[in-house]
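Please read the structure below before turning to the comments.
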Amino acid sequence: IDFDLILENIKDLNSLVREGISQIEHTPRGARLRRLEPLTLTLYQNGIIMGSGGFRPYQHPATQQCLQDIMDGYFPSELQPRYPDGV
């Protein structure tokens with residue numbers, strides 16, 4: 001795992017999202033702007049924690065796919081169901 005590449009690509013991906021961007025949230029009486037909550041990624045010597053999820057060891061295939069997506073310069077594909085319109 002190339003941690004330097006992961007950190008560099010996370011910085012690049014964060015710049016695409018830009019803090020402070022709001023999303024339209026539809027309500028029964030119309031719509032309002034809602035700030036997007038950041039998604040944390042914590043890297044450990046033997047695994048990761050993403051968001052409020054549990055610990056995921058590096059040996060787990062889903063963890064490897066997540067990190068490979070980031071190393072390839074993409075948002076993790078596992079986030080697509082949660083963010084169907086993009087992050």
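The values are calculated or read from the model by the stated rules, or taken from the named source; none is laboratory data. Quantities reported herein were computed from a predicted structural model and do not represent experimental measurements. Note that each Cβ is placed from the backbone with ideal geometry, even for glycine, and that neighbours are counted across all protein chains shown.
List of remarks:
Matching residues to (1) without any contact (Cβ under 8 Å) to a residue 60 or more places away in the chain; (2) surrounded by 11 or more Cβ atoms within 10 Å (Cβ to Cβ):
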site: N14; (1), (2): yes, yes
site: R29; (1), (2): yes, no
site: L41; (1), (2): yes, yes
site: G51; (1), (2): yes, yes
site: F55; (1), (2): yes, yes
site: P61; (1), (2): yes, no
site: Q68; (1), (2): yes, yes
site: M71; (1), (2): no, yes
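- Unmet criterion (only one of (1) touching a Pro at 6+ places or on another chain (Cβ under 9 Å); (2) at pLDDT below 95) for G47: (2)
- Any chance R56 is more than 11 Å from the chain's Cα centre (by Cα), at pLDDT 90 or above and basic (K, R): yes
- Any hit, region 18-35, residues being in a loop (DSSP other than H, G, I, E, B), charged (D, E, K, R), within 12 Å of the chain's Cα centre (by Cα) and at pLDDT below 85: no
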